[in-house]
Amino acid sequence: MAEREVIGVVGGGQMGSGIAQLAIVAGLHVLLYDSDSEALARATNSISASISRLVAKGHLSQPAGDNAMKNLKCIQNLEEFRAADVIIEAIVESEDVKKKLFSELDKIAKVSAILASNTSSISITRLASVTTRPSQVIGMHFMNPPPIMKLSEIIRGADTSDEVYVTIKSLAERLGKTVICSQDYPGFIVNRILMPMINEAFYTLYTGVATKEDIDTGMKLGTNHPMGPLELADFIGLDVCLSIMKVLHEGLGDKYSPCPLLVQYVDAGRFGRKKGIGVYLYQKEPAKSKPSPSL
């Protein structure tokens, strides 16, 4: 199969913009879609700032940085994906929403196009079932944030062809990633291991075994993790953690039941860093007014 040169990315959030950045720096042409023009503006600014930092640190030449930005085109019409060789979905972690999108993309994309999902837990086989090209549907799970994390987890659905797997593996390697391959089981590899640990940290807090600070300190200093599990959950997003735990619970049984405290925090809108509050509080204190000068 010929090397894929036009990459479509659906979703202008942190994951989508990060994937788009990787692709344009690698010399690929990228169509970045979001229905929200403000999300696209934020994504463009974020990508531009990140590339400027790479240039400033000497990791990328100025001409290469300039050319990378020229490879990025933001779009608000899915029809423009007709030109894409690979379309990578990076939207909300909801099976119903992803299935609706894949059904739409299947009708738009050219016959040879590969449809990839950045899902962290949802069945690739079920996503592929709503398309007419199940052999060309695959999971391509980037870690957060994509430009920094070195891993890409590739997931083969029941019908994913060897040719498509080899193409997507080569693409991930071109983007500078080390590739691991998972079969299509709930949570795949990384989240099958990581999310139960995070969930258990919530149970440890919920049952009063220790404070959140001691739980995180224990795991950082006792197991050499760079970030404690509760702090990591805030970084990932508690809503995302809960969604993945629900997938694990449904597919693997009660051993993976989400902790009631995690459910409660999500119900309260405490999603983590992106909301300013999760397990920890991230909101900045209002600036104190300076005292008036004495007369």
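Selection over the range 151-162 of residues that are farther than 24 Å from S17 by Cα and open to solvent by less than 30 Å² (accessible area, probe 1.4 Å) gives a count of 2. The C-beta contact set for the range 221-239 (first residue open to solvent by less than 60 Å² (accessible area, probe 1.4 Å), second residue assigned to a loop (DSSP other than H, G, I, E, B), distance under 6 angstrom, 6+ apart or interchain) comprises L230/V279; D234/G278; D234/V279; D234/Y280; G237/F271; L238/F271; L238/G278; D239/F271. I'd like to check something: does the range 106-121 contain any residue that is modelled with pLDDT under 95 and open to solvent by less than 10 Å² (accessible area, probe 1.4 Å)? Taking every residue of the range 106-121 in turn, at least one turns out to be modelled with pLDDT under 95 and open to solvent by less than 10 Å² (accessible area, probe 1.4 Å).
Of the helices (runs of 4 or more DSSP H) contained entirely in the range 1-78, those carrying at least 3 residues that are farther than 21 Å from A116 by Cα fall at 37-56, 62-70. Cβ separations smaller than 8 Å between residues 6+ apart or across chains give the following pairs from the range 165-190 residues that are within 19 Å of E95 (Cα to Cα) to residues that are among the hydroxyl-bearing types (S, T, Y) and assigned to a helix (DSSP H, G or I): D184/T125. Listed conditions (1) within 22 Å of M149 (Cβ to Cβ); (2) open to solvent by 40 Å² or more (accessible area, probe 1.4 Å); (3) in contact with a Lys or Arg (Cβ under 7 Å, 6 or more places away or on another chain) are all met by R82, apart from (1).
If you go through the range 199-211 and keep only what is under 23 Å from N144 (Cα atoms) and either without any contact (Cβ under 8 Å) to a residue 60 or more places away in the chain or surrounded by fewer than 18 Cβ atoms within 10 Å (Cβ to Cβ) (or both), you end up with E200, A201. Please work out if E89 is modelled with pLDDT of 95 or more and closer than 26 Å to V166 by Cα. Yes; evaluated as a whole, the condition is true for this residue. Just one of the listed residues (I148, I138, I180) is of a type in the set (V, I, T) and surrounded by 23 or more Cβ atoms within 10 Å (Cβ to Cβ), namely I138. Considered as a group, the residues in the range 240-269 that are more than 19 Å from the chain's Cα centre (by Cα) and surrounded by 23 or more Cβ atoms within 10 Å (Cβ to Cβ) include one that is farthest from M197 (Cα to Cα), and that residue is Y265.
The values are calculated or read from the model by the stated rules, or taken from the named source; none is laboratory data. Computed from a predicted structure; not experimentally measured. Neighbour counts are summed over all protein chains in view; Cβ atoms, including those assigned to glycine, are modelled from backbone coordinates with ideal geometry. To get the accessible areas, we keep the full protein, side chains included, count just its heavy atoms, and leave off ligands, DNA and RNA. Shrake-Rupley method; radii C 1.70, N 1.55, O 1.52, S 1.80 Å.
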